[in-house]
Each structure stands twice: as C-alpha cells, then as structure tokens.
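Written out below as structure tokens is the structure these notes cover.
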Amino acid sequence: MFHDLVVQNAQVVTSGAVSSCDIGISQGQITALGIGLTGAEVIDARGLIAMPGGIDSHVHISQPSGPGIEMADDFASATRAAACGGNTTVMPFCLPEDGKTLREAVAAYLAKADGKCMTDVSFHLIVKSADPVTLGQDLPALIAKGMTSFKVFMTYEGMRLTDAEILQVMDVAREQGALTMVHAENEDAIEFLREKAERDGRIQPVHHARTRPVPVEREATHRAAMLAEVADVPVMIVHVSNGAALDEIRRARARGVRVFAETCPQYITLTADDLDRAGFEGAKWVCSPPPRDTDEQAAILAGLEQGAFDVFSSDHCPFRFADPAGKDAPGARASFRNIPNGIPGVETRLPILFSEGVSKGRISLEAFAALTATNHARIYGLERKGAIAVGKDADIVLWDPAQTRTITQDILHHGSDYTPWEGFEVTGWPVRTILRGQTVMLGGVPVGTAMGQHVARAKTGARP
Ligand code: DUC
Ligand code: ZN
Ligand code: ZN
C-alpha cells in the first residue's frame, strides 16, 4: 500500500510497547505499522521518538473568571501553544456564566473555538448548580452529544456544590454514562483560615498557599471518594498535589472504590516558596491546590513511578501578570483572596514530565505515553485518539530525547506574559507535532492551518 505519509525509522512508543518501525498514514489515520513502508511524503525520524500526540485533559480557555478578569488565552493562542508543546488534543472546561444554562454556554464555547484551533478540542462541562434544568435536561442532552465528563467543585463560593448536590450530579453520571471530576478542597476550612489571615494582616500571595494546607485537600479527597462510593460511580480526583491526598485515594481504591487520579507539573517542580517571592511577584504561582514542599513533590513523583496516577495534565489556567484583568486584579495586592487562581502550562507539561520522568529514569517511555495520552483517551472516551495503532487518528509527536532546553517566556506561544518555569532546564523536547496526518508544529514553530475540530466522545465511567 502506498501511503499519503510515512514516518520512517522512529522509535515508536505506545502505552504497551516500544519498537523501531515506520508509521504509514493515509487520510489522517494510521493505516500501517511496519518496515519499509512507502508513501507520497516521507519524514525521516531517525534518532527521534514517536509518541501518541499529547492529550491534555485539563485546560481552561476563555473561561469566565469574574468581573473584569480575562484569561490570557483564547482558543487560537491556547491551541497554538498546545501544539508547540507536543499536544494534538486539549480538553477545556465549559463554564456557564451566571444566568446562562449549560447548553447555552456550550453553544457559545463551540462558536468561540470554531475555526480557531491548531489541535483538536473536546469539552468537559462544569456543573455549578444542581437545578432541575441542569440535571434533568442539559446534562443528558450534552452527554448524548459526546460531552461525557463534568467537573464539580467543593470550593469557591458560587461554584461549590454541597455533598447532597454532588451525589445528585454523580447519580446523573451513573444513569447517563458520564464521569464526574472533583476539585477537592474544603471551602469552609479555607475560609476559616483566610479570614484569620486577613484579620492578622497576612495578605501577601504566599498566604494563598498557607490558607489552603494539605488537610483541606486530604479531607475533601476522602469525602469525594466516599461520595463516589455511596453513589456507586467512578470519580476522577483532579490536580492531586500531595501524598496525604494520594493516600486517601489509595485507601479508597483498596476498598473497591473506582477512583482515577490526576496530577500536574506544578506539584513535582514548584513549591509554596515560589509564592513567597518579594513584593507581588508570588502571584505568578497562585493556583489551587497550591504547590507544596519538596517532601510532597517526592510523594507525587513516587506516585507517578508506582503507577498511582492515571493522568498527568497541565491545569493550564493562564492569566497575565502585569495586567489588572489578570493577576494584578483590583484588590489583589490588598489580599491574596482576590488574585485570580491559575497558571499557564499547556506548552510545558510534556517537556517537564519527559525530563523529570523519562530522562531522569523515573518512568518508562510507555508510562509517559499512558500518562500523557493513552489514559486520557481511554478514561474520557476519545476512541480514535491516544495511541499509535492502526485505525487511530494520526496524532503523533516526534521527540528529540537528547535536546536540552531552558524554558523561558520568549520561546513559548501562550497568551500569558510569563511562565512559572522561567529558567527551568529540561532534557527532551518535542520537535514535530502531527495532527491527523498534518504537521502543525515543526522545530518549535506553529505551521499549517487551524484545522482543529471538536471531538465528540463515547460514554465514560469505565473501571480504572
Ligand atoms: N481549579 C482548576 O482546576 N483550575 C484552576 C483553578 C482551580 O481552582
Ligand atoms: Zn480545580
Ligand atoms: Zn483546572
């Protein structure tokens, strides 16, 4: 068979194996794996590693973030950065603005993304109200359209649901074949600590981290797993930041609860000390849960090595630093409470895990593929994505495992005006990203058209 495109001589990685072979691609799909394949176009990938294109199943793009606050990325800039960081699919969240239904919000997001994306896109939903229209009409209709996962919050006034409401949402997930994702932090405990801190004049960015300590995440993680046990559904605990929360997940799994776990680059590379930089600088690292300390980093790395995590995502949630519509929001210098939560990271997620995980000998290439692509596809129902296998979309990223780079703002493509990893050195860098057979990044430069599409997903809720 003569293919449209052949990637020759790469070391090809899937979640199950590594082998030296060619990849044959026709009409945007992988049509053969073998030796000596021929095609109209040939990419010589000798010395490179071919991985499934990264799937980042936790990103925030153009999400409403409060009056006067704007995210630093729209769909064009976020997916350009994603493609340059080796990703071929991103999964942003769809959050309804006050007074809008979830279905109206989805229609608005689809319109914002349409024709702008350099990667494929597939939306999760955010359920911030357990009202009858959301539970009885919007969720079933949107799940039927392939948006088969939704996030609920245990923190943030105006977003958080009570335990009773989370159970109701989980029940819909159970009935309809969707997966519930939980942001696990105890809001009442945070507010107790936050009020005390403010009363004492502890208002600097570092107090964001000090008022969201490990126990508030540990307790909420335990509660989320218990609610999933009661509702008899699988659950995804997103952005796990510390060993105690991971232990709660392990304990729940040991008693048979189906708990998936996600962690992110910030929890293996950053600490709360980053929020303690001089003046207002620490606001650059304000995200929730906050980065912890080096012991917790070690616990998360050990979890990655031991296979305790299913997915490694960025939680890309970008704000500009020097901007009153971003980190320097009105009131942000008067209290950490008013600093928008989130950091950019969609472009740096894969190099950080490659470097900290693969290059440092902590995880195998196969585990890297599973953590960055294959498991995201399996858990969230992206049936054509996440593996280099015949019949899958030809979503591939070529890595130079020997290339060392220093991450700096000026090599990145996101809309933020800083990176939390300024000066961070990595070994291993993505050099070409291929989306459905078309190159969208070459040598660090975005190329081609905005060919990204919205991808409907299969029903979810599989056992971990
Ligand atoms: N939770 C997220 O998942 N992302 C950014 C902020 C937050 O609290
Ligand atoms: Zn969250
Ligand atoms: Zn997030």
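The values are calculated or read from the model by the stated rules, or taken from the named source; none is laboratory data. The structure displayed is predicted, hence computed values, not measured ones. Neighbour counts are summed over all protein chains in view; Cβ atoms, including those assigned to glycine, are modelled from backbone coordinates with ideal geometry.
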With respect to Asn338, is the statement that it is out of contact with any Phe, Trp or Tyr (no Cβ under 8 Å at 6 or more places or on another chain), without any contact (Cβ under 8 Å) to a residue 12 or more places away in the chain and more than 16 Å from ligand 3 (Cβ to nearest atom) true?
-> yes
Just for region 413-459: of the residues that are of a type in the set (Lys, Arg) and over 20 Å from the mean Cα position of the chain (by Cα), which one is farthest from Ala82 (Cα to Cα)?
-> Arg436
Counted residues in region 5-32 being part of a strand (DSSP E or B) and buried (at least 17 other Cβ atoms within 10 Å of the Cβ) come to 18
Which one of the conditions (1) under 17 Å from the mean Cα position of the chain (by Cα); (2) acidic (Asp, Glu); (3) closer than 27 Å to Lys459 by Cβ does Glu347 fail to meet, given that it meets all the rest?
-> (3)
Residue ID - nearest to Gly331 (Cα to Cα), chosen from residues in region 177-230 that are within 16 Å of ligand 3 (Cβ to nearest atom) and part of a loop (DSSP other than H, G, I, E, B) = Arg212
Please tell me if Trp399 is buried (at least 21 other Cβ atoms within 10 Å of the Cβ), in the same structural domain as Asp44 (by TED's automatic domain parsing) and farther than 15 Å from Gly54 by Cα.
-> no
Report, by residue number, each residue of region 231-271 that is within 14 Å of ligand 2 (Cβ to nearest atom), assigned to a helix (DSSP H, G or I) and within 15 Å of Glu305 (Cα to Cα).
-> Tyr267
Provide a single number: the residues in region 316-363 that are assigned to a loop (DSSP other than H, G, I, E, B) and either away from ligand 2 (no atom under 16 Å from the Cβ) or over 17 Å from Gln266 (Cβ atoms) (or both).
-> 22
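Yes or no, residue by residue, for (1) buried (at least 24 other Cβ atoms within 10 Å of the Cβ); (2) touching a helix residue (DSSP H, G or I) at 6+ places or on another chain (Cβ under 7 Å):
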site	(1), (2)
Asp328	no, no
Ser335	no, yes
Val346	yes, yes
Glu356	no, yes
Glu366	no, no
Lys385	yes, yes
Ala389	no, no
State which residue is farthest from ligand 3 (Cβ to nearest atom) when the search covers only region 91-115 and only residues that are surrounded by 21 or more Cβ atoms within 10 Å (Cβ to Cβ) and in a strand (DSSP E or B).
-> Cys94
Find the residue count for region 311-343, including only residues that are among the acidic types (Asp, Glu) and within 16 Å of ligand 1 (Cβ to nearest atom).
-> 1
Any chance you could count how many residues in region 421-444 are aliphatic (A, V, I, L, M) and without any contact (Cβ under 8 Å) to a residue 24 or more places away in the chain?
-> 1
